[in-house]
Amino acid sequence: MKTRSRAATVAPVALLAAVLAACSSAADSQSGTGSADNSGGRAVSHVHGLGVDPADGRLYVATHEGVIAVADDGPARRVGDRADYMGFTVIGPKTFLGSGHPAEGIGSHGNRGLIRSTDSGRTWKPLSLDGSPSPR
């Protein structure tokens, strides 16, 4: 019984370590101390969603600054735009669902509605409520 409890603890701790590596790698890259990524000029402020893509086994982290892919050895890189992903899930190989807000300065409406990516987060297409105001 103790083995099961230990295994249940180890998996979340390993996942948390990977997420922290993703966030610190992005921040380090901006300060010139880490490995290169394409995270732009901002550090990752916090995480809104996590998922593992069965197509490549990588952890994908949805943040206020875009979706970040974390390699097995720890480096992180942004895979697409700099949008604010408030909701995120992996639903199949290379297929993600998300929601949130466009990146600052895009000049677009404030809500992205329900969006889908079929290329592991590189590009997104609206499914519903694109640009619609939030329900009251």
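Summarising the amide proton neighbourhood of S120: residues at separation of 5 or more, or on other chains, whose placed amide H is nearer than 5 Å comprise T95, F96. Neighbour counts of C-beta atoms inside 10 Å place T95, T63, T123 in the sequence T123, T95, T63, starting with the fewest. In sequence order, the stretch 71-84 has phi-based couplings of 6, 4, 8, x, x, 10, 8, 6, 9, x, 6, 9, 5, 8 Hz under the Karplus curve 6.51 cos²θ - 1.76 cosθ + 1.60, θ = phi - 60°, and Gly or Pro positions carry x. Net charge in the neighbourhood of K94 (other residues with Cβ under 10 Å of its Cβ; Lys, Arg +1, Asp, Glu -1) is -2. The gain in end-to-end length when the I91 to D73 segment is fully stretched comes to 4.1 nm, 0.36 nm per residue minus the alpha carbon separation. The calculated FRET efficiency for the pair T118 and S45, based on their C-beta separation and a Förster distance of 25 Å, comes to about 0.35. Footprinting exposure proxy ranking of K94, K125, fewest other C-beta atoms within 10 angstrom first, gives K125, K94. Remark: the stretch 111-124, residue by residue, has Karplus-estimated 3J(HN,Hα) of 10, 9, x, 8, 10, 9, 10, 10, 9, 6, x, 5, 10, 9 Hz, where x stands for each Gly or Pro and the curve is 6.51 cos²θ - 1.76 cosθ + 1.60 at θ = phi - 60°. Taking the number of Cβ atoms within 10 Å of each Cβ as an exposure proxy, the fewest-first ranking of D56, D73 is D73, D56.
Read-outs throughout are calculated quantities, based only on the coordinates presented, and are distinct from any laboratory measurement. Keep in mind it's a predicted model, so treat the numbers as computed, not measured. Counting neighbours? That spans all protein chains shown, and the Cβs are built from the backbone with ideal geometry, glycine included.
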